[in-house]
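Accompanying notes for the structure given below.
The values are calculated or read from the model by the stated rules, or taken from the named source; none is laboratory data. These numbers were taken from a predicted model, which means no experiment stands behind them. Positions of Cβ are backbone-derived with ideal geometry, glycine not excepted, and every protein chain shown enters the neighbour counts.
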Amino acid sequence: MGPDKGIKSEQAALADFLSRRERLLGKNAPLFYDTPLHLVRGEGVHLYDAQGIQYLDVYNNVPNVGHCHPKVVGALTQQASTLNIHTRYLHHAILDYAENLTNTMCSSLSSVMFTCTGSEANDLALRIARQATGSLGVICTDETYHGNTTAVDELATLFNGGKPRGPHVKSVPFPDMYRPPEHWPSDDLCDRYLASIDRAIDEFEEEGLGLAAVLVCPIFANEGVPTVPLGYLQGVVDRARARGGLVIFDEVQSGFGRTGSMWGYEYAGVIPDIVTLGKPMGNGHPIAAVVTATDIVNDFREKVMYFNTFGGNPVSCAVAQAVLDVIQEEQLVKNAQEVGAYLRSGLGGLQQRHDILGDVRGPGLFIGVELVCDKSTKQPATEMTRLVVNKMKDRRILISKIGRFDNILKIRPPIIFSKENADQLLETLDEVLAEVRRDRGM
Ligand SMILES: Cc1ncc(COP(=O)(O)O)c(C=O)c1O
């Protein structure tokens, strides 16, 4: 078969795949990349497609300790071939894991309620906060996503077709030193952002709803990992508590070492009342959780029989324990910190050569690179960001994009990422940026 025929039959196979998918899953089930990828295997920081082509994974934060880590797969197989059962029986693995998990946190985060997804964890955290405070109001940011249940979908603007927020939800502008709201002077940004929290709480009180919780991600991951004004998060916590509300940190993305600290709240230097966990907790296996003070859990459970059929079953806990062990044994938190710093400095170097790189920021191995058409006007380079992401994929490197203007490269690999991996990413990004500039005649 000649090369043209080979390409044609590959294209025909992809078209068949896509039409079968549309028929079975419906139209608009989301897919990455202009030409979607058909992946068949993963190992460490690499993914392989159906043709055996290797890709460097610089996007996936769920397989935090690397794709198909043998210790995690081993723990799963062993427990799955021994016993799997729901959580209304005694099982030591569940308690061992809850104990080891809470031992990595501060003393006020002492009891765990297990769920299967981050959405469920946030949903449960809202129920807990509303019950603990007797209030209904929830504050979130204006460009956020915390999951897909009805209650958390009421908070979102991302991914939900721009539908309005729920009746008991108020949003505030997310903190962003690079792109604050127009006409805000840069010297009092923190006070301005905090004033929007005060206003939202005032309104809830006037409406008779009161404040139940402020729910934010401590690194504002879905907002595009903006640089946050110093003192902002502590200010949020102080204000919420002073007005009778709780602070929930959604650590579904920031947890388990991603930031170069074990927890996003440690990175931020602020202790919340509740944290929610998910994604990397099971390295791909569906386990998630709410962690909060034992008194808060006791009070909630006294009134509500919360039961989650699959949440925290022995197999999930064995997997999650193995993930925790690997993070500790392989010193992955330190790795995220060191390789993250190395990568950010390399990106800083690229920024000197490529004017399109407006801002490079983010903690540990979660880096946002904001692309702009012009560094002084900061006009978002949305189309070029799409091109860069697709061209990186064509060169076997998987990244993605995010942000209200879809102009922020999302660089968020498994935290086993090495300096050699970082070099490969930097060299390829350098080439792709030069190519995009050439294509555009810039
Ligand atoms: C910050 C954050 N919270 C919660 C969720 C929802 O998690 P899940 O998809 O496991 O329900 C997501 C998912 O992307 C997320 O990014």
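Taking the criterion of being under 25 Å from Gly147 (Cα atoms) and either basic (Lys, Arg) or surrounded by fewer than 24 Cβ atoms within 10 Å (Cβ to Cβ) (or both), the residues of region 204-215 that qualify are Phe204, Leu209, Gly210.
For region 102-125, give me the residue count where each residue is within 12 Å of the ligand (Cβ to nearest atom) and touching a Leu at 6+ places or on another chain (Cβ under 8 Å).
The total comes to 5.
Whether a residue is under 25 Å from Asn64 (Cα atoms), small (Gly, Ala, Ser) and within 14 Å of the chain's Cα centre (by Cα) was assessed, and Ala268 does not pass this test. Selection of first residues in region 309-330 that are more than 15 Å from Ala75 (Cα to Cα) and of second residues that are β-branched (Val, Ile, Thr), restricted to Cβ pairs under 6 Å at least 6 apart or on distinct chains, gives the following pairs, ordered by first then second residue: Gly311/Thr115. When region 1-25 is limited to residues that are among the acidic types (Asp, Glu) and at pLDDT 90 or above, the one that is farthest from Asp49 (Cα to Cα) turns out to be Glu22.
Would you be able to tell me the number of residues in region 241-267 that are among the aliphatic types (A, V, I, L, M), surrounded by fewer than 24 Cβ atoms within 10 Å (Cβ to Cβ) and in contact with a strand residue (DSSP E or B) (Cβ under 9 Å, 6 or more places away or on another chain)?
Qualifying residue count, region 241-267: 0.
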